[in-house]
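Step one of this worksheet: look at the structure below.
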Amino acid sequence: MELSPRLAAIAGLVPPGARVADIGTDHALLPLNLVKTGRSPRVIATDLNENPYRAACRNVLAADAGGRVEVRKGDGLEAVAPGEVDVIVIAGMGGNAITGILERSRGVLAGATRLVLQPMSDAAALRLWLVQNGWRLADEELVKEDGRFYVIMAAEPGEERSRDPFLLEIGPVLVDKCGPVLVEYLEKVKGDYQRVLGGLARSRSPEAMEKAIEITSRLTRLREVINRCRQRTE
Ligand SMILES: C[S@@+](CC[C@H](N)C(=O)[O-])C[C@H]1O[C@@H](n2cnc3c(N)ncnc32)[C@H](O)[C@@H]1O
């Protein structure tokens, strides 16, 4: 059972031997891969909704993996008890939904040694929440699948060395790593900034001017990172 590049990158951020909870598992593809490859001895796969919960149960039964993947129905981490898992994966949900799940379950979080998170939106706000709540960004991956970029972050308990809003928006580890997809991703972000700047140029309000100054400074830093990564890969 081959994982998509996105799910494979998520699996790659799970440390070997870790007991895992996959929150919002849907089809349970990730849990089944983690136990079949021997990366994880045991995974709790949860989903809030009936249809995905049933799909996960069916797939686990069909793979004869019931002893190692336990499917539970529930909202966020409510279906997991403190100390039951080492790693919590939450993938394929909006960043604000992920933050809400983490916010509501501090007891379960206290026992976790790593969070592996793949937000579909609002990655910057999620990074900010992590660093303000006792987590540091230990690793990050950037994947392009079917023309869409996916950011995956691994957070561990500790103090984040940087609270720089620009780095928290782009991803401090992604910027350090200058991986193969980063320049393409940053060119897209640059285009987004330039479009916003074009819109702001039509307004003369002090707020718009302040925002334009902020975006211009981010564009400068973005160009610096793009140049540095290009030089590294040449
Ligand atoms: C787009 S799917 C992602 C599936 C899988 N994690 C992946 O990345 O491919 C999102 C899943 O999260 C589930 N979900 C949404 N909110 C949830 C919550 N609060 N608690 C548990 N599951 C939730 C949905 O039912 C759905 O199956």
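Looking only at segment 133-170, count how many residues are surrounded by fewer than 14 Cβ atoms within 10 Å (Cβ to Cβ) and either in contact (Cβ under 8 Å) with a residue 60 or more places away in the chain or at positive phi (or both).
The total comes to 4.
Cβ-Cβ below 6 Å, separation at least six or inter-chain, first residue in segment 67-78 and over 21 Å from Ala97 (Cα atoms), second part of a loop (DSSP other than H, G, I, E, B) and modelled with pLDDT under 95: which pairs?
Once the first residue is over 21 Å from Ala97 (Cα atoms) and sits in segment 67-78, no partner that is part of a loop (DSSP other than H, G, I, E, B) and modelled with pLDDT under 95 comes close enough.
Output the residue which, of all residues in segment 34-53 that are more than 11 Å from the ligand (Cβ to nearest atom) and not β-branched (Val, Ile, Thr), is most open to solvent (accessible area, probe 1.4 Å).
Our first condition is that a residue be more than 11 Å from the ligand (Cβ to nearest atom); within segment 34-53, this holds for 34-44.
From what is left, the residues that are not β-branched (Val, Ile, Thr) are 34, 36, 38-42.
Values: Leu34: 1, Lys36: 105, Gly38: 59, Arg39: 71, Ser40: 3, Pro41: 71, Arg42: 82 Å².
Going through the qualifying residues, I end up with Lys36.
Any residue in segment 107-124 that is closer than 15 Å to Ala79 by Cα sitting within a Cβ distance under 7 Å of a residue that is small (Gly, Ala, Ser) and outside any helix (DSSP H, G or I)? List the pairs, counting only those 6 or more apart or interchain.
Gly111/Gly83
Restricted to segment 1-33, and to residues that are among the polar types (S, T, N, Q) and touching a strand residue (DSSP E or B) at 6+ places or on another chain (Cβ under 7 Å), which residue is farthest from the ligand (Cβ to nearest atom)? Before the answer, list the steps.
We begin by selecting, within segment 1-33, every residue among the polar types (S, T, N, Q); these are 4, 25, 33.
The next check asks that each one be touching a strand residue (DSSP E or B) at 6+ places or on another chain (Cβ under 7 Å); those that pass are 4, 25.
Details: Ser4: 8, Thr25: 6 Å.
Among those that are among the polar types (S, T, N, Q) and touching a strand residue (DSSP E or B) at 6+ places or on another chain (Cβ under 7 Å), it is Ser4.
Could we say that Leu128 is within 21 Å of the chain's Cα centre (by Cα) and not assigned by TED's automatic domain parsing to the domain that holds Val89 here?
Working: within 21 Å of the chain's Cα centre (by Cα): yes; not assigned by TED's automatic domain parsing to the domain that holds Val89: no.
So Leu128 fails the test.
Out of segment 1-18, which residues are assigned to a loop (DSSP other than H, G, I, E, B) and within 13 Å of the chain's Cα centre (by Cα)?
Leu13, Val14
Exactly one of these conditions fails for Ala97: (1) touching a helix residue (DSSP H, G or I) at 6+ places or on another chain (Cβ under 8 Å); (2) of a type in the set (Gly, Ala, Ser); (3) within 14 Å of the ligand (Cβ to nearest atom); (4) free of Cβ contacts under 8 Å to residues at least 24 places away in the same chain. Give me its number.
Here Ala97 clears every test but (1).
Leu61 - would you say it is within 13 Å of the ligand (Cβ to nearest atom), open to solvent by 20 Å² or more (accessible area, probe 1.4 Å), free of Cβ contacts under 8 Å to residues at least 60 places away in the same chain and among the hydrophobic types (A, V, I, L, M, F, W, C)?
When the stated conditions are applied, Leu61 does not pass them.
Looking only at segment 64-89, filter to residues that are open to solvent by 60 Å² or more (accessible area, probe 1.4 Å) and assigned to a strand (DSSP E or B); which one of those is nearest to the ligand (Cβ to nearest atom)?
Ranking the qualifying residues of segment 64-89, first place goes to Lys73.
Which condition from (1) farther than 30 Å from Arg104 by Cβ; (2) assigned to a strand (DSSP E or B) is the one that Asp139 breaks?
Result: Asp139 passes all but (1).
State all residues of segment 4-33 that are open to solvent by 20 Å² or more (accessible area, probe 1.4 Å) and in contact with a helix residue (DSSP H, G or I) (Cβ under 7 Å, 6 or more places away or on another chain); if no residue qualifies, say none.
Asp26, His27, Leu29, Asn33
With the checklist (1) modelled with pLDDT of 95 or more; (2) outside any strand (DSSP E or B); (3) of a type outside the set (A, V, I, L, M, F, W, C) in hand, flag the one item Arg204 doesn't pass.
(1)
The values are calculated or read from the model by the stated rules, or taken from the named source; none is laboratory data. Note that the structure is predicted; figures quoted are calculated from it, not measured. All Cβ positions, glycine included, derive from the backbone under ideal geometry; neighbour counts span all protein chains shown. Heavy atoms of the whole protein, side chains included, go into the accessibility calculation; ligands, DNA and RNA do not. Shrake-Rupley method; radii C 1.70, N 1.55, O 1.52, S 1.80 Å.
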